[in-house]
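The next block holds one structure in the form of structure tokens; read it before the comments.
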Amino acid sequence: MKLVRILESKFEEYRLNAIFDCYKWDPQFLDSNTLSKYVLVLTEKEYHEVAKLTEKLDSETEISEIFLNSHLDLTKILKLPKTPLLKNMSNYDKNKHIRLMRYDFHPTTDGNWVISEVNSDVPGGFAEASLLPELAIKTIGNKNYYSINFGDQLAMALSLKIKAKGTIMFVHCTSYSDDRQVMQYLGDKMQSLGYTSLYGAADHLKFVNKEAYSILDHHEGKIDCIFRFTPIEWLIDIKPKTWSGYFDTITPSCNHPIAIFAQTKRFPLIWPILEQNGIKLPTWKKLLPETIEVKQAKGKEGYIYKPAYGRVGENISIKEACSKEEYQEILKDVHKHPKKYLAQKRFISKPLTTPQGTKYHVCLGSYTIDGKHAGFYARISPKPRIDSDAEDIPVVIERSKSHE
């Protein structure tokens, strides 16, 4: 794994092409640039290693969530959002829905991989994992690099479970342009394949006999697929009038709310119960740092706190990655709401060093779609916490000499 610099003379054109051709509409977060000037290059050995680990993790996750869906009485320790509608998921059929996940890998100083979490519910980064690597290869001009187009893999999976020329509703938080750019990329792709793409909020669907219908003006009618990009815990908080239908719909969905079981970072706390019921998780146990209740970490060294439903690295208590004020605020909130957090043994991220001597920490997101590896989305940061200030970086693979 290495970082390759995009020439300064080519970067501005690369940035403009990313904005206008690759759906990277706003490559900024506040005053921070979020489009890296580097490309992350994996060896084919690293690619195959991570892909294999990802599929093993995914198999263990799927078995776990299907079991938990049938044994809700055992899930108290997960502190799931309070709603009786989780009971409505009993009709879930994995063969009718599309299951999308992304596992976040990190290289460590001991030479191994660890994972920090699974984005089980609504993982993003679609265009960055599809179009940006192709643009980077073209810009660099190295014919020995290739990439996996995640968007192609996802479009194929959707096509297998939706009728030809069907209608897809891309459900997202419509006030956020960064959510819309993810949906627009995939919607345009499906439109090019003959499908009809609609864009709406959670309450733009109603459910009749467990089937989804659009209530958008001028686009009323039956929907053939729900692609949900509104996090399930947000959906529960929003409570649109028709929200309950998401839990027992027979309309193909990506993702179905069954994703909630692994989305909570408290998922490792239920592993002993799963193992008592014959479910083994050797890959998870190998790759995820020890995770315990906040109260169990009291007085122990080497643990950080993470919110159970945190996203994009928010409120993770890595001291040197936070301002003094932020760090104290996190600790105060952990003390006040310990069940909303968990404690995790800290791993030591191994940064990559650029030819110019700059060090960057890497988070390599590895996707699965219906159990199969489907591509990469990566972010880098000079800090060991990968958060909103991190930069999106395209992932490419370098052909081994045996393939030259």
| message | Given region 217-256, report the % of alpha carbon pairs whose separation exceeds 13 Å. | response | 58
| task | With a cut-off of 11 Å, note down the residues of region 49-77 whose backbone N falls inside the zone around a label point 7 Å from the Cα of Gln276 toward its beta carbon. | result | 74-75
| field | Restraint check, Lys163/Lys372; Lys56/Lys285; Lys165/Lys189; Lys350/Lys383, Cα-Cα greater than 18 Å | value | Lys163/Lys372
| task | Compute the semi-axes of the equivalent ellipsoid of region 1-60, taking the square root of 5 times each eigenvalue of the Cα gyration tensor, and list them largest first in whole Å. | result | 30, 16, 10
| Pairs Lys87/Lys161; Lys319/Lys339; Lys324/Lys359; Lys94/Lys265; Lys206/Lys339: which are spaced more than 31 Å apart, C-alpha to C-alpha? | Lys206/Lys339
| remark: The extension gain from Asp237 to Lys10, computed as 0.36 nm times the residue separation minus the Cα-Cα distance, is 77.2 nm
| task | Find the Cα radius of gyration of region 291-345, compare it with 2.2 N^0.38 Å by division, and give the number to two decimals. | result | 1.01
| task | Only Cα pairs under 8 Å and at least 6 apart count here; give the relative contact order of region 291-345 as a rounded whole percent. | result | 57
| Least to most buried among Asp217, Asp392, Asp237 (fewest other Cβ within 10 Å first) | Asp217, Asp237, Asp392
| query | Of the peptides 180-186, 93-99, 4-10, 127-133, how do they stack up when ordered by the mean number of other Cβ atoms within 10 Å, highest first? | reply | 127-133, 180-186, 93-99, 4-10
| Cα Rg, Dmax, region 14-163, angstrom units | 19.0, 56
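What is the local net charge at Glu320, summed over the other residues whose Cβ is closer than 10 Å to its Cβ (Lys, Arg +1; Asp, Glu -1)? Show your work: numbers first, answer last.
On the way: positive: Lys319, Lys383, Arg385; negative: none.
Its environment carries a net charge of +3.
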| Taking R0 as 25 Å, what's the FRET efficiency between Lys222 and His71 from their Cβ-Cβ distance, rounded to 0.05? | 0.15
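Exactly which trypsin sites (Lys or Arg not before Pro) in region 253-314 are in a DSSP loop and have at most 15 other Cβ atoms within 10 Å? Write down the numbers at each step before the final one.
On the way: sites: Lys265, Arg266, Lys280, Lys285, Lys286, Lys295, Lys298, Lys300, Arg311; in loops: Lys265, Arg266, Lys280, Lys298, Lys300, Arg311.
Answer by residue number: Lys280, Lys298, Lys300.
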| message | Let me check I've understood the local charge: for Leu281, count other residues with C-beta under 13 angstrom from its C-beta, Lys and Arg +1, Asp and Glu -1. What total comes out? | response | -1
| note | region 173-196 scanned against label point 7 Å out from Asp203 along Cα→C-beta; backbone N under 13 Å for 174
| What fraction, in whole percent, of alpha-carbon pairs in region 212-285 exceed 14 Å separation? | 70
| By count of other Cβ within 10 Å, fewest leading, how are Met156, Met169, Met190, Met1 ordered? | Met156, Met1, Met190, Met169
| field | Of the GluC sites (Glu not before Pro) in region 265-372, those whose Cβ has at most 15 other Cβ within 10 Å and which sit in DSSP loop | value | Glu290, Glu293, Glu301, Glu314
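Could you compute the FRET efficiency for Asp31 and Glu314, with r as their C-beta to C-beta distance and R0 at 30 Å, rounded to 0.05?
0.95
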| note | The answer for Phe29, listing residues at least 5 apart or on another chain whose modeled amide H is closer than 5 Å to its amide H, is Thr34
| For Glu117, residues with placed amide H under 5 Å, excluding near neighbours | Asp104
| message | What distance in nm separates the two pseudo spin-label positions at Met156 and Lys332, each 7 Å out from Cα along the beta-carbon direction? | response | 5.2
| message | Taking every pair of distinct Cα atoms and averaging 1/r, then inverting, what Kirkwood hydrodynamic radius in Å comes out for the chain? | response | 22.0
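Computed from the coordinates by the stated procedures, all read-outs in this text should not be read as laboratory data. Keep in mind that this is a model prediction, so the values were computed, not measured. Neighbour counts are summed over all protein chains in view; Cβ atoms, including those assigned to glycine, are modelled from backbone coordinates with ideal geometry.
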